[in-house]
1. Just to be sure I understand the filter: pairs with C-beta atoms under 9 Å, separated by 6 or more residues or on different chains, first member in region B:77-98 and more than 18 Å from residue B:136 (Cβ to Cβ), second member part of a helix (DSSP H, G or I) and among the polar types (S, T, N, Q). Which pairs pass?
2. In contact with a strand residue (DSSP E or B) (Cβ under 7 Å, 6 or more places away or on another chain) and at the interface with another protein chain (Cβ under 9 Å from one of its Cβ atoms), is that true of residue A:155?
3. Of everything in region A:158-186, what is within 12 Å of another protein chain (Cβ to nearest Cβ) and surrounded by fewer than 17 Cβ atoms within 10 Å (Cβ to Cβ)? Give them in sequence order.
4. So residue B:354 ticks every box in (1) touching a residue at least 12 places away in the same chain (Cβ under 8 Å); (2) out of contact with any Phe, Trp or Tyr (no Cβ under 8 Å at 6 or more places or on another chain); (3) in a helix (DSSP H, G or I) but one. Which box is left unticked?
5. Is it true that residue A:112 is surrounded by fewer than 18 Cβ atoms within 10 Å (Cβ to Cβ) and closer than 21 Å to residue B:716 by Cβ?
6. Kindly provide the set of residues from region A:66-99 that are hydroxyl-bearing (Ser, Thr, Tyr) and in contact (Cβ under 8 Å) with a residue 24 or more places away in the chain, ordered by number.
7. Taking the conditions exactly as written (surrounded by 13 or more Cβ atoms within 10 Å (Cβ to Cβ), more than 12 Å from chain A (Cβ to nearest Cβ), out of contact with any strand residue (DSSP E or B) (no Cβ under 9 Å at 6 or more places or on another chain) and without any contact (Cβ under 8 Å) to a residue 12 or more places away in the chain), does residue B:675 satisfy them or not?
8. Whether any residue in region B:278-292 is over 19 Å from residue B:218 (Cα atoms) and among the charged types (D, E, K, R) is what I want to check.
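The values are calculated or read from the model by the stated rules, or taken from the named source; none is laboratory data. All values derive from a computational prediction rather than experimental measurement. All Cβ positions, even for glycine, are placed from backbone atoms using ideal geometry, and neighbour counts span all protein chains on display.
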Amino acid sequence: MERIDNVFYSYANKSSGLIDPEGIEALCSDLEVDHTDVRILMLAWKMKSEKQGYFTLEEWRRGLKALRADNVHKLKKALPELEKEVKRPTNFVDFYSYAFQYCLTGNEKEKQKSIDIESICQLLDLALGFQFRSQVDYFIDYLKIQSDYKVINLDQWMGFYRFCNEINFPGLSNYDPELAWPLILDNFVEWLREKQT
Amino acid sequence: MERKVIELDQGWDYMQKGITKLKRILEGSVEQFNSEEYMMLYTTIYNMCTQKPPHDYSQQLYDKYKDSFEEYISSTVLPAIREKHDEFMLRELVKRWGNHKLMVRWLSRFFHYLDRYFIARRSLPALNEVGLTCFRSLFFRQNFDTFCILIQIDKEREGEQIDKALLKNVLDIFVEIGMGQMDCYEQDFEAPMLEDTGVYYSHKASSWILDDSCPAYMLKSEECLKKERDRVAHYLHSSSEAKLVEKVQHELLVNFSTQLLEKENSGCRALLRDDKVDDLSRMYRLYHKIPKGLDPVATIFKQHITAEGMLLVQQAEDAASNQVILSFEFLFFDSQVLIRKVIELHDKYLAYVSDCFQNHTLFHKAMKEAFEIFCNKTVGGSPSAELLATFCDNILKKGGSEKLSDEAIEDILEKVVKLLAYISDKDLFAEFYRKKLARRLLFERSANEEHEKSILTKLKQQCGGQFTSKMEGMVTDLTLAKDNQNEFENYLSNNPNAHPGIDLSVNVLTTGFWPSYKSSDLNLPSEMVRGVQVFKEFYDTKSKHRKLTWIYSLGSCQLIGNFEAKKIEMVVSTYQAAILLLFNTSDRLSYSEIMTQSNLGHEDLVRLLHSLSCAKYKILIKEPISKTVSPNDIFEFNPKFTDRMRRIKIPLPVVDERKKVVEDVDKDRRYAIDAAIVRIMKSRKVLGHQQLVSECVEQLSRMFKPDIKAIKKRMEDLIARDYLERDKENANLFRYLA
């Protein structure tokens, strides 16, 4: 336990007592992982970290204990295993949902409920790119050119994941707009179908 | 004294003599039985049955009774019938049957004692029944009798005369022989008759359908059915009627239904096209008793009306797009024509439904669906709701339907309201109607108050109180406004100091009833400022808690222009007046100066200045002279202006309000959809997506047809506002969050 704490303090900001973005960057370089890599997000998930860009001591402890790592070297070795764990279908939904909420800004009083398009595009790429490359690419294209929505909410975010899992792509043969798909996906499919003709 | 026992042979011998005599009588002998003979025969039987065993011969006598018939029928009757043919055979049959009944009657009298005790004791058929059954079983083994009856029937169908009475008698045999049951008639005659009928008409139909036109075929069918009914009346049993008619209908009308109705130049479509009312009535009469027989007719009816309606719409659309729309009036004219034509179409086909189709619901439905299709098309950019509202406006305003009588107007209004039922965007109609009503009321352009009230009553009846409540409020406001104005004038006469120096009349409107108007920050001319102030003081004496918002854009003004030639009174809008009054202080003003001084926006200003300098009456001179107003123009008062009249009205073209109306209605719809969704979810708590959507559509259908996408959008919004949530397990299920 002490060792875990020690590692924490080696990256933490002295005044705030938290690992801040700078500290995370340092951690990333030690882990030999880019700080935009999805594995950092996975680590945050494992820690159940609440605020993007910051790790508290409690979160740190939670994560490293779960990964059975008490130093950076072990942590690095634990990453592939963590990746596998996240990618398991039962966990992935949770991770995917977490990814969205993690990126919401604002504090307790004024909790944001949606994320702007640009950030969503990045997040989609990060969280789903490896699994559903073509759907993600097309959807990102669409998000950029459409003007109905300036932000995306959690329901739409989760809807997209369901879309990737359930709908034939690029055939789209089993998509039914009469069902409860979020409207943005109805519009996305319309746009795709128009492109295909 | 002891009776002497009669032996069977002996007794039977005696009976046999009587039977033989009976046969002779049947064959035509003039002999008769007298009472004594009858008594003897009867008593012989009586004795033989009441003797003590072993001499009680009831059973044997019963059997011999039966044998007598069988013997006579086989040896005499059948051969007599069989040796003849056709009609002659039938006559013989009738005769022999008559004889047989006689024989049964007499023999059963002789043997009557058996009926009294023996048959009951042994549960055997009565003598009468035995007699008749014999005939039946021996005679009806063969079917050729039926065959020759059928030949007669077919001969009659081909137009030949036959002996109807004979056939009736023959068929009566079939009925009588059933002894209360119709089985003999039904099995031995009716079934083959129906089959034969089927074959006969199938054959006829196949050739008629090729050679005849639809009306001719229908006429023939109708006649055939009539003839068959007559046949039943003349000689068939009444129970055959329904089956016979059904058979004939099946062969003539059901089997060839499609070929008949769809006949190229004479089928249902052609009849509708050529207004062949009689033929269509016949079609209805023929098909309406056939289950689902009218369905294809109703379908064609619906298609026909839809096509006619779409043609009208297309004509109007072509007319609209071929013209460069210079003014609102062009489109207005065409929409007038279109609506009038649609009303005529409606009247025409309503008459069809009542005259040809006996007001059958299937045809009402077909008509309704057809109208719903083409009454919701947009013409020349105007939604049908707007066209209808414009049409109403034209009827109700001064100078609109000038030459029509009150009755005629009432009639048209009635019909217009009926058309509204077919329009799905009823809320859009209401909003357009309200806007135009407002203008009619405020600019005193309403032709007749009674008609205004009348149409509101009709609308209320059709669409409910909520639909018309605001409009009614508007009408009431105007009535109250008159009273209010009187009080204001009294106030002024009682307070001469308060007089603003101009004649001022004010209509105070209840905000909720009237369409929303943007109040602009017009710089009110000084001449009017005092007037507004005075009115406000007056109004405050009446009601303390109301806030007055002045809508100058709806006001009108009478100015006297001091022109060189003569003074002319000009009736203008308040805005126009505000601009003109600026020229009291400067003869020449630039566009931007006018803008600053009046504080009006570009859109309004261009329109206003155009009406004063580029239209019919050039009160102002525009530099440079051109047809449009631009921000660099300079305006000057035109002292040389004059006109034949002493009083002129300077019109301001109406701003196309369509965009705003559609926006307002869309906004209201969003609220309405929200409310409907919340209402539904609150009561159901959990509901599947499709069901929620369909219930929503149903609830709102009285006013408009909501777009599925719009409903989804509102649902999303409600989810974001935590009214609803999507179920975690089932993405198609939604839950109400209290």
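1. Between residues of region B:77-98 that are more than 18 Å from residue B:136 (Cβ to Cβ) and residues that are part of a helix (DSSP H, G or I) and among the polar types (S, T, N, Q), the close pairs are B:86/B:152; B:87/B:152; B:91/B:169.
2. yes
3. Those that are within 12 Å of another protein chain (Cβ to nearest Cβ) and surrounded by fewer than 17 Cβ atoms within 10 Å (Cβ to Cβ): A:162, A:165, A:166, A:176, A:177, A:178, A:179.
4. Here residue B:354 clears every test but (1).
5. Criteria met by residue A:112.
6. Step one: list which residues in region A:66-99 are hydroxyl-bearing (Ser, Thr, Tyr), which gives A:90, A:96-98.
Passing the criteria: A:96, A:97, A:98.
7. Numbers: surrounded by 13 or more Cβ atoms within 10 Å (Cβ to Cβ): yes; more than 12 Å from chain A (Cβ to nearest Cβ): yes; out of contact with any strand residue (DSSP E or B) (no Cβ under 9 Å at 6 or more places or on another chain): yes; without any contact (Cβ under 8 Å) to a residue 12 or more places away in the chain: yes.
Yes, satisfied.
8. The first filter runs over region B:278-292 and keeps only residues over 19 Å from residue B:218 (Cα atoms), leaving none.
No, there is no match, as no residue in region B:278-292 is over 19 Å from residue B:218 (Cα atoms) and among the charged types (D, E, K, R).
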